[in-house]
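None of the figures in this text is laboratory data; all of them are computed from the coordinates on show. Remember, predicted model here, so these are calculated numbers, not experimental data. Cβ placement follows ideal geometry from the backbone for every residue including glycine, while neighbour counts extend to all protein chains displayed.
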Amino acid sequence: MPAISPERDAEPLSALRASLRYDVDVAALLPRFKSAFTALDCDAETEAFLAAAQRGRHGWLRTRLHRLLRMFMSDFDVNGLLDMYPLHVASSAQWRVLLGPERVARLLDVGAGSGRVTRTLLPFAEFVVSTELSKPMARALRRTGIECHTIDVSLVDAPGPGFDLISCLNVLDRTARPKRMLRRLVDRLEPGGRLLIALALPYRPFYYQRATTPAPLERLDCAHETWEGAVNQLVARELEPLGLTLLRLARAPYLSFGDAERGSYELDDALLLLKKA
């Protein structure tokens, strides 16, 4: 679940829309990254999610039950079990701005959750396979008809041939071994294949180990407190050394339904599209 945003109970939809961050200080990006920035904005699908979040905010009873179960299970497992906190990263139209209109043959979506975000990527591939470690989330994902493997891709490869596009959306800050994960994902890309990453900044990593959230065994080198500074570090220090070239860069809010305690939840995502040499 994204981190707590300011209380938004009484705000109209227009105020929520206006508060979302898509702007970037392009001058603060490294010179070779500036041309990659692609401006997005709050489109109709994002507005629809905001409206649904206002209508579908989880009530007191489900919120209390969620807090109780978190004493025994991971936050993410509880979300899957109770079908709570739907998430939104980008719409299919926004992905099209970054990815272009072409469909690829094979897409791997890593850490796909319940599949809500995966479904926004379905128009861009002939065949889609996913991975998800949370068993309740994986069950929900399979019910949507998307093939799902309950594996940790930092340790085990997804089955089948290589992929033309791999999406890793809000996973690198919730895994124990993000560096190893990145290396293995690049290995699974076909030559010229693309890697789509979403990462919440500032970088505040942990991973789920049942009801605990220990620090990762590896940390990405992108600890700068500004959004632009962290992006510079992430690409220059972690991604380019893997043979990846930055094609597109965007900023978008990572949104979640609220509950009895908060009106909504939001993190500040960097969206990066990179190409394997």
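Miscellaneous remarks
- Of Glu228, Glu238, Glu126, the residue with the greatest mean-square motion in the GNM of the chain, using alpha carbon springs below 10 Å, is Glu126.
- Relative contact order, percent, the chain [alpha-carbon distance under 8 Å, six or more residues apart]: 26 percent
- A straight chain from Arg67 to Arg103 at 0.36 nm per residue would run longer than the Cα-Cα distance by 8.8 nm.
- Working note: Karplus 6.51/-1.76/1.60 with θ = phi - 60° gives the range 248-259 the couplings 9, 9, 9, 10, 7, x, 9, 10, 9, 4, x, 8 Hz, where Gly and Pro are set to x.
- Within a straight-line Cα-Cα reach of under 18 Å, Lys179 can be paired with the following lysines, leaving aside sequence neighbours fewer than 8 residues apart in one chain: Lys275, Lys276.
- Most fluctuating residue given options Asp164, Asp25, Asp259, as computed from a GNM of the chain linking Cα atoms under 10 Å: Asp25
- Among the chymotrypsin sites (Phe, Trp or Tyr not before Pro) found in the range 202-244, those both in a DSSP coil and sparsely packed, with 16 or fewer other Cβ atoms within 10 Å of their Cβ, are Phe206.
- For the pair Phe127 and Ala27, a Förster radius of 35 Å applied to the C-beta separation gives a FRET efficiency near 0.25, rounded to the nearest 0.05.
- Among Val171, Val104, Val128, residue whose mean-square fluctuation peaks in a GNM of the chain (springs only between Cα atoms under 10 Å): Val104
- The range 111-128 - phi-based ³J(HN,Hα) in whole Hz, Karplus 6.51/-1.76/1.60, Gly and Pro as x: x, 7, x, 7, x, 4, 6, 4, 5, 5, 9, 4, x, 9, 8, 6, 10, 10
- Phi angles of the range 269-274 translate, via the Karplus equation with coefficients 6.51, -1.76, 1.60 and θ = phi - 60°, into HN-Hα couplings of 8, 9, 10, 10, 10, 10 Hz per residue; Gly and Pro are given as x.
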